[in-house]
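*Asks:* Have a look at this one before I ask anything.
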Amino acid sequence: MINELKEKLEKINNLADFNQLKVIYLGKKGLINQQMANMKNLSSEEKKEFGAKVNEQKKACEALFSAKEKEIHKDMVDKLVKDETIDVTMPGYKFNNGTIHPLNQTIIDLENLFIGLGYSIAEGPEIETDEYCFEKLNLPKGHPARDMQDTFYINPELLLRSQTSPVQVRTMLAKEGKPIQIICPGKTYRRDADDATHSHQFMQCEGLVLGKKITLADLKGALLVMARKILGPDMKIRLRPSYFPFTEPSVEVDVSCHKCGGKGCSMCKNTGWIEVLGAGMVNHHVLEMCGYDPNEIQGFAFGIGIERITMLKYGIEDIRNFYSNDLRFLKQFKEAK
Ligand code: DAH
């Protein structure tokens, strides 16, 4: 019996088979106990002898099982340790890194530039009041220039801001007559039908500088630095007279066409110039409505379309590319700087 058990145990290499075999030998109804049951027919002399023999067998079985159990456990631990070793020479997983969205890159570039020039970044809410978005910017209710911006109204007093200019108002009211030097990038909304150059949601970056003796020449200088930093060091700019209710005088600003270098092409409609932003000297009415004395402090403001200059910078022809989340488009801007 013991030799037979030895042979069987030798063939076993896992815990399940081991337990099964253990039940067959040492279980309640196992071989050892069955022999004990046979004892009842024997005389007391024979019982003694037989009992001692069976006990011996039992101990031998138990010893074999316990030795085998230790062996199985050791094998299991050895296997675990072997399986868990880390091969440091294996190549790592390749995680796909995202890229900075070209619009965000333009905002980062603008922020870096203007922070370097001593400006700070201001923010305002996208749900704005009619008062801040229009009235305090010299656009009272019924003013014809309101038609320039077809606006999403939530109710007669609340709207989705159609421009970042209300941040000017908020900053002036908060600064109470003190000098200001801010830019404000942010989302804006207009009831435009989406096409290659229009989007119902887009972005602008507002600029506002107020102080003593700030002139149109300061505005021109700031805009030239901006054009060269964002679009290229050879950029020229041109100011044309225009109209905005919140500035007087107002200008529209063109940059030299980077595609033809100013010679004239389809991109600049043969003019050599491309319009990029609106600007001007802050209207005295606006200054007064926002708590500033125009005789003491004056300054300039500008508003630039983030999509527009990003399209110019990279030669993107359809504004919808920015919002369609097409990876083939976005991956091209890996090296965008
Ligand atoms: N808010 C104007 C627009 O959306 C752009 C603009 C023009 C902003 C002149 C200004 C400014 O701050 O001075 O069309």
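The values are calculated or read from the model by the stated rules, or taken from the named source; none is laboratory data. Here the structure is a predicted model, which is why all the values come from computation and not from measurement. No Cβ is skipped: glycine too gets one built from the backbone with ideal geometry, and neighbour counts run over all protein chains shown.
*Asks:* Can you tell me which of (1) farther than 30 Å from residue 132 by Cβ; (2) among the aromatic types (Phe, Trp, Tyr); (3) touching a Phe, Trp or Tyr at 6+ places or on another chain (Cβ under 9 Å) is the one residue 273 doesn't meet?
*Replies:* It is condition (3) that residue 273 fails.
*Asks:* If residue 284 meets every condition in (1) more than 13 Å from the ligand (Cβ to nearest atom); (2) modelled with pLDDT of 95 or more; (3) under 35 Å from the mean Cα position of the chain (by Cα); (4) not polar (S, T, N, Q) apart from one, which number is that one?
*Replies:* Exception for residue 284: condition (3).
*Asks:* Take residue 299 and decide whether it is within 16 Å of the ligand (Cβ to nearest atom) and closer than 17 Å to residue 167 by Cα.
*Replies:* When the stated conditions are applied, residue 299 passes them.
*Asks:* What's the total number of residues in the stretch 252-278 that are within 11 Å of residue 240 (Cβ to Cβ), of a type in the set (A, V, I, L, M, F, W, C) and within 16 Å of the ligand (Cβ to nearest atom)?
*Replies:* The qualifying residues number 1.
*Asks:* Among (1) at pLDDT 95 or above; (2) out of contact with any Asp or Glu (no Cβ under 6 Å at 6 or more places or on another chain); (3) more than 13 Å from the ligand (Cβ to nearest atom), there is one condition residue 138 misses while meeting the rest; what is its number?
*Replies:* (3)
*Asks:* Would you say residue 304 is within 16 Å of the ligand (Cβ to nearest atom), assigned by TED's automatic domain parsing to the domain that holds residue 232 and not basic (Lys, Arg)?
*Replies:* Yes: the conditions hold for residue 304.
*Asks:* Hey, another quick one. Working only within the stretch 1-37, note down all residues that are farther than 30 Å from residue 78 by Cβ and touching a residue at least 12 places away in the same chain (Cβ under 8 Å).
*Replies:* Residues satisfying the conditions are 1, 31, 32, 35, 36.
*Asks:* Please find, within the stretch 40-78, the residue that is surrounded by the most Cβ atoms within 10 Å (Cβ to Cβ) out of those that are assigned to a helix (DSSP H, G or I) and of a type in the set (S, T, N, Q).
*Replies:* The selected residue is 57.
*Asks:* Moving on to the next point. If you go through the stretch 170-213, how many residues are away from the ligand (no atom under 14 Å from the Cβ) and acidic (Asp, Glu)?
*Replies:* 3
*Asks:* Would you say residue 167 is modelled with pLDDT of 95 or more, under 20 Å from residue 288 (Cβ atoms), within 14 Å of the ligand (Cβ to nearest atom) and over 29 Å from the mean Cα position of the chain (by Cα)?
*Replies:* Considered against the rule, which asks whether it is modelled with pLDDT of 95 or more, under 20 Å from residue 288 (Cβ atoms), within 14 Å of the ligand (Cβ to nearest atom) and over 29 Å from the mean Cα position of the chain (by Cα), residue 167 comes out as no.
*Asks:* If you take just the strands (runs of 3 or more DSSP E) that sit entirely in the stretch 218-335, which of them hold at least 1 residues that are surrounded by fewer than 15 Cβ atoms within 10 Å (Cβ to Cβ) and out of contact with any His (no Cβ under 7 Å at 6 or more places or on another chain)?
*Replies:* Hits in the stretch 218-335: 237-244, 247-256.
*Asks:* Restricting the search to the stretch 96-145, which residues are under 30 Å from residue 318 (Cα atoms) and among the small types (Gly, Ala, Ser)?
*Replies:* Within the stretch 96-145, 98, 122, 124, 145 qualify.
*Asks:* Related question: Does residue 294 satisfy the criteria of being within 16 Å of the ligand (Cβ to nearest atom) and free of Cβ contacts under 8 Å to residues at least 24 places away in the same chain?
*Replies:* yes
*Asks:* Within the stretch 238-285, work out how many residues are in contact with a Cys (Cβ under 7 Å, 6 or more places away or on another chain) and not hydrophobic (A, V, I, L, M, F, W, C).
*Replies:* 2
*Asks:* Considering only residues that are modelled with pLDDT of 85 or more and closer than 21 Å to residue 22 by Cβ, which ones fall in the stretch 32-52?
*Replies:* 32, 33, 34, 35
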